[in-house]
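Below is one structure, written out as structure tokens; comments come after it.
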Amino acid sequence: MKGYFGEFGGQYVPETLLPALQELENEFSAAWNDREFRDEFSSCLRDYVGRPSPLTHARRLSEHLGIEVWLKREDLNHTGSHKINNAIGQILLARRMGKQRIIAETGAGQHGVATATACALFGLPCAVYMGTRDIERQHMNVERMRLLGAEVVPVSSGSATLKDATSEAIRDWVTNVDTTYYLLGSAVGPHPYPTLVREFQRIIGEEARMQILEKTDSLPRAVIACVGGGSNAIGIFSGFINDPVELIGVEAYGDANGSHGASIHFGSPGVLHGARSYLLQDLDGQVLDTHSIAAGLDYPGVGPEHSFLSATRRARYELVDDRQALEAFRLLNRLEGIAPALESAHAIGFLEQYAPGHEGATVLVNLSGRGDKDLHTVFQEEL
Amino acid sequence: MIAEAIRTSKRAVIPYVTAGLPDLDATGEIIRALSDAGAAAIEIGIPFSDPIADGPVLQKASHLALEAGFTLDGLMSGLPRWSAGVSAPLIVMSYINPFMRRGMRETLVRLRDSGIQGVIIPDLPCVAAGILEVCRDIGIDLIRFVAPTTTEERMREVVSQCSGFVYAVTIKGVTGERSSIPPEVRRRVQEIKSLTDLPVCTGFGVSTTAQVEDLLSFADGVIVGSHLMARVMDSPDPVEESREVLRKLMA
């Protein structure tokens with residue numbers, strides 16, 4: 001069925017938005033087949049974002065773990081995460097569609113910063129919805145967005161995190177659908193967003209595949225990435241989807257005491273924010289509150305393509321909790337001189353589980369973002 | 001019969017009430033009061049944790065009802081009593097997820113057996129999960145939306161799949177009171193009417209007797225939700241308040 005990955009995906013939105021989604025789908029497919037659009041996207045990624053991002057051999061971490069770890073350095077992109085790839089792609093699309101105003105949701109603030117940056121670059125007004133709980137714990141990104149000229153709109157409803165910020169962005173979109181482009185940051189939401197975001201993030205996997213073949217002469221045994229909504233994971237997975245390579249998504253196991261963000265592991269199929277996918281919900285279909293130390297993984301849903309990859313067993317999804325992510329954060333600082341985002345630290349943290357039994361294997365980890373934004377949280381945890 | 005009830009009503013006002021606020025017993029009493037006050041039909045809203053089509057008032061109502069312990073089982077046990085005791089046909093409004101979670105067909109059958117005559121699902125524009133067939137099969141009306149952005153081609157499709165009445169959304173946006181209703185809604189209602197014999201009811205943003213009056217000059221019915229729920233949430237006597245709100249809108 002159109003807009004579905006197996007039984008996942010779809011367009012579960014108010015009627016008002018349906019024509020806008022159709023328009024988006026048409027424009028995206030026209031743009032993606034337009035040489036000029038692709039060239040402009042590529043040159044923005046090269047000259048502004050700084051792509052290709054390097055592939056780093058984590059030598060001391062490899063020694064420590066007994067496996068060969070390669071890091072795809074999305075943390076070195078302009079604005080400090082993979083989110084900028086998608087923000088640039090979508091802003092070019094918005095401009096092509098003649099939209100005059102951009103809205104976005106953000107959790108950790110990385111997508112908000114990327115969107116605000118893209119809006120500054122192209123001179124478009126920008127409103128970013130952010131949960132008040134996330135505003136507290138990601139204050140630096142809030143200031144950055146404001147500095148970039150964006151309006152940060154606090155959302156205090158529900159759990160006051162990414163889930164509620166996304167709902168509020170959708171409500172804004174329904175209201176201002178004629179003039180406004182909704183620049184969704186993850187591989188979630190109604191069709192065509194999950195596909196569109198994957199295509200704009202595909203560059204991660206394409207580069208990484210070429211780089212690792214060049215450096216090691218072979219494909220890695222496994223590709224590992226953290227999964228909240230799942231945009232960095234789907235971006236790197238898409239480069240290896242047809243290869244004999246293990247694809248492993250790492251979900252946030254939170255406090256490991258029942259409060260987490262692991263939708264694929266513990267959820268069941270349900271509809272949130274326009275798509276059917278694995279969802280953390282109660283027996284009445286009410287969406288549950290989540291917890292992760294990483295704001296970007298603090299989300300009860302997951303992109304529909306990940307649900308499909310899990311259901312078809314093409315990818316598997318593992319758990320790393322807050323404490324393990326914090327340990328990984330410190331470890332990568334000490335051994336490699338790299339501060340990962342707490343989101344990406346979940347992917348690093350999984351290596352401790354993966355290494356036993358895979359001695360000598362080559363693994364590729366998507367280091368989706370840098371950890372400067374998380375220093376405050378990490379220091380607080382140490383108290 | 002929902003369509004019949006709207007057609008025969010002199011002034012078809014359809015109030016929306018969030019179930020479980022302040023508790024389910026009160027909802028039962030509110031429904032009776034609304035029916036006694038002359039409601040053409042009554043929309044019962046199932047609270048949902050993430051109501052993306054709702055403005056602040058109905059979000060708050062949903063949230064408070066869930067906090068107060070609303071459950072689907074609780075609702076299901078109240079419905080047969082409520083529907084037997086009132087003359088106005090009862091309609092259930094729910095986001096798709098609670099229905100899917102409990103099984104689409106099972107939930108719809110259970111609702112029908114409890115005396116519910118129609119359902120409205122604000123986040124199901126494409127008839128997925130075979131819901132259209134199920135509704136026809138078991139004899140429950142599926143009320144569908146026509147939005148300000150709906151194209152003519154799509155309008156034909158929606159109207160052909162609709163039963164009970166066609167829900168014409170007055171504004172681009174979420175539910176909630178507005179000081180004025182865009183005049184284009186008149187033309188849209190006329191357009192829908194040229195495609196179907198079903199009643200066409202308008203909703204979103206309606207709060208005053210004058211707005212009801214104006215909309216009823218070309219539409220068959222008017223849905224009032226946020227205005228009613230705002231008053232219910234503010235009042236020490238929600239049942240009496242509901243009766244009063246409706247009485248005023250009917251005047």
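The values are calculated or read from the model by the stated rules, or taken from the named source; none is laboratory data. These numbers were taken from a predicted model, which means no experiment stands behind them. Reconstructed Cβ throughout: ideal geometry from the backbone, glycine too, with neighbour counts over all protein chains shown.
Is it true that residue B:161 is out of contact with any Ser or Thr (no Cβ under 7 Å at 6 or more places or on another chain), in contact (Cβ under 8 Å) with a residue 60 or more places away in the chain and polar (S, T, N, Q)?
When the stated conditions are applied, residue B:161 does not pass them.
It is to be established whether one or more residues within segment A:126-140 are within 14 Å of chain B (Cβ to nearest Cβ) and surrounded by fewer than 20 Cβ atoms within 10 Å (Cβ to Cβ).
Keep residues of segment A:126-140 that are within 14 Å of chain B (Cβ to nearest Cβ), which gives A:129, A:131.
Restricting the remaining residues to those that are surrounded by fewer than 20 Cβ atoms within 10 Å (Cβ to Cβ) gives none.
Within segment A:126-140, none of the residues are within 14 Å of chain B (Cβ to nearest Cβ) and surrounded by fewer than 20 Cβ atoms within 10 Å (Cβ to Cβ).
Select from segment B:83-105 the residues that are within 13 Å of chain A (Cβ to nearest Cβ) and either closer than 16 Å to residue B:70 by Cα or free of Cβ contacts under 8 Å to residues at least 12 places away in the same chain (or both) and list them in ascending order. Spell out how you get there, then give the answer.
Taking segment B:83-105 and keeping what is within 13 Å of chain A (Cβ to nearest Cβ), we get B:93-104.
Of everything in segment B:83-105, those that are within 13 Å of chain A (Cβ to nearest Cβ) and either closer than 16 Å to residue B:70 by Cα or free of Cβ contacts under 8 Å to residues at least 12 places away in the same chain (or both) turn out to be B:93, B:94, B:95, B:97, B:98, B:99, B:101, B:102, B:103.
For segment A:281-308, how many residues meet the condition of being part of a loop (DSSP other than H, G, I, E, B), within 11 Å of another protein chain (Cβ to nearest Cβ) and either closer than 23 Å to residue A:173 by Cβ or free of Cβ contacts under 8 Å to residues at least 40 places away in the same chain (or both)? I'd like the intermediate steps shown before the answer.
The initial filter retains those residues of segment A:281-308 that are part of a loop (DSSP other than H, G, I, E, B), namely A:282-286, A:288-294, A:298-303.
Going one step further and asking which of them are within 11 Å of another protein chain (Cβ to nearest Cβ), we end up with A:282-286, A:288-289, A:300-301.
Applying the additional criterion that residues be either closer than 23 Å to residue A:173 by Cβ or free of Cβ contacts under 8 Å to residues at least 40 places away in the same chain (or both) yields A:282-286, A:288, A:300-301.
Residues flagged as part of a loop (DSSP other than H, G, I, E, B), within 11 Å of another protein chain (Cβ to nearest Cβ) and either closer than 23 Å to residue A:173 by Cβ or free of Cβ contacts under 8 Å to residues at least 40 places away in the same chain (or both) within segment A:281-308 amount to 8.
I'm told residue A:214 meets every condition in (1) out of contact with any Leu (no Cβ under 9 Å at 6 or more places or on another chain); (2) surrounded by fewer than 20 Cβ atoms within 10 Å (Cβ to Cβ) except one. Can you identify the failing condition by its number?
Condition not satisfied by residue A:214: (1).
Got a number for residues in segment B:134-155 being within 14 Å of chain A (Cβ to nearest Cβ) and free of Cβ contacts under 8 Å to residues at least 60 places away in the same chain? Show your work before the answer.
Residues of segment B:134-155 that are within 14 Å of chain A (Cβ to nearest Cβ), as a first pass: B:142-155.
Still in the list and also free of Cβ contacts under 8 Å to residues at least 60 places away in the same chain: B:142, B:144-155.
Within segment B:134-155, residues that are within 14 Å of chain A (Cβ to nearest Cβ) and free of Cβ contacts under 8 Å to residues at least 60 places away in the same chain number 13.
I'd like to verify a number: residues in segment B:156-173 that are in contact with a Pro (Cβ under 8 Å, 6 or more places away or on another chain), part of a loop (DSSP other than H, G, I, E, B) and at the interface with chain A (Cβ under 10 Å from one of its Cβ atoms), how many?
2
What's the number of the condition residue B:142 fails, among (1) crowded, with 23+ Cβ neighbours inside 10 Å; (2) assigned to a strand (DSSP E or B)?
So the condition that residue B:142 fails would be (1).
For a quick check of your reading of the model, give me the residue pairs whose first member lies in segment B:34-50 and is within 14 Å of chain A (Cβ to nearest Cβ) and over 13 Å from residue B:21 (Cβ atoms), whose second is at pLDDT below 95 and surrounded by fewer than 24 Cβ atoms within 10 Å (Cβ to Cβ), with beta-carbon atoms closer than 8 Å and at least 6 apart or on different chains.
Qualifying pairs under 8 Å: B:49/A:158; B:50/A:158.
I need the full set of residues from segment B:113-128 which are touching a strand residue (DSSP E or B) at 6+ places or on another chain (Cβ under 9 Å) and either under 22 Å from residue B:16 (Cα atoms) or in a helix (DSSP H, G or I) (or both), in order please.
Of all residues in segment B:113-128, those touching a strand residue (DSSP E or B) at 6+ places or on another chain (Cβ under 9 Å) come to B:114-125, B:127-128.
B:114, B:115, B:116, B:117, B:118, B:119, B:120, B:121, B:122, B:123, B:124, B:125, listed by residue number.
What number of residues within segment A:230-246 are assigned to a loop (DSSP other than H, G, I, E, B) and either over 13 Å from residue A:368 (Cα atoms) or in contact with a Pro (Cβ under 7 Å, 6 or more places away or on another chain) (or both)? Spell out the reasoning first.
Here is the first cut: in segment A:230-246, the residues assigned to a loop (DSSP other than H, G, I, E, B) are A:230, A:238-245.
From the residues that got through so far, the ones that are either over 13 Å from residue A:368 (Cα atoms) or in contact with a Pro (Cβ under 7 Å, 6 or more places away or on another chain) (or both) too are A:238-245.
Residues in segment A:230-246 being assigned to a loop (DSSP other than H, G, I, E, B) and either over 13 Å from residue A:368 (Cα atoms) or in contact with a Pro (Cβ under 7 Å, 6 or more places away or on another chain) (or both): 8 in total.
Looking at (1) over 15 Å from the mean Cα position of the chain (by Cα); (2) within 14 Å of chain B (Cβ to nearest Cβ), can you tell me which one residue A:318 breaks?
For residue A:318, the exception is condition (2).
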